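The values are calculated or read from the model by the stated rules, or taken from the named source; none is laboratory data. These figures come from a predicted structure and were not determined experimentally. Don't worry about glycine lacking a Cβ; one is built from the backbone with ideal geometry, like all the others, and counts go over all protein chains shown.
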Amino acid sequence: MTLSYNNLWKTLIDKGMKKGTLCELAEISTSTLSKMKHNEPVSLGIILKICETLNCKIEDVVIVISSDQRGA
């Protein structure tokens, strides 16, 4: 399984928010955002902070892609 944060980038665009602004408002580091750019795992606490800041659901931030889906 792998993670994808593509939904986060779409949500930011939909809300007209820049990545730097998200870092400030959610109180997350730029290194955390860098991990997310590379689809690396971050803590659930970070994801929940982002959801609270953006007033969105977890699936608007991250999705889990199974090995089967990657090959399709």
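Applying the criterion of being modelled with pLDDT of 95 or more and touching a strand residue (DSSP E or B) at 6+ places or on another chain (Cβ under 7 Å) to the residues of the stretch 1-17, the residue that is farthest from Val64 (Cα to Cα) is Asn7.
For first residues located in the stretch 1-30 and within 19 Å of Leu44 (Cα to Cα), partners that are basic (Lys, Arg) and surrounded by 12 or more Cβ atoms within 10 Å (Cβ to Cβ) and lie 6+ apart or on another chain with Cβ distances below 7 Å form the pairs Leu12/Lys19; Ala26/Lys49; Glu27/Lys49; Ile28/Lys49. Only residues that are of a type outside the set (Lys, Arg) and either in contact with a Phe, Trp or Tyr (Cβ under 7 Å, 6 or more places away or on another chain) or exposed (fewer than 13 other Cβ atoms within 10 Å of the Cβ) (or both) were counted in the stretch 7-17, giving 3.
Select the helices (runs of 4 or more DSSP H) contained entirely in the chain, then report the ones holding at least 1 residues which are of a type in the set (Gly, Ala, Ser).
Filter on the chain gives 19-26, 30-37, 44-54, 67-71.
Between Ile28, Ile65, the distinction of being under 20 Å from Met1 (Cβ atoms) and not aromatic (Phe, Trp, Tyr) belongs to Ile65 only.
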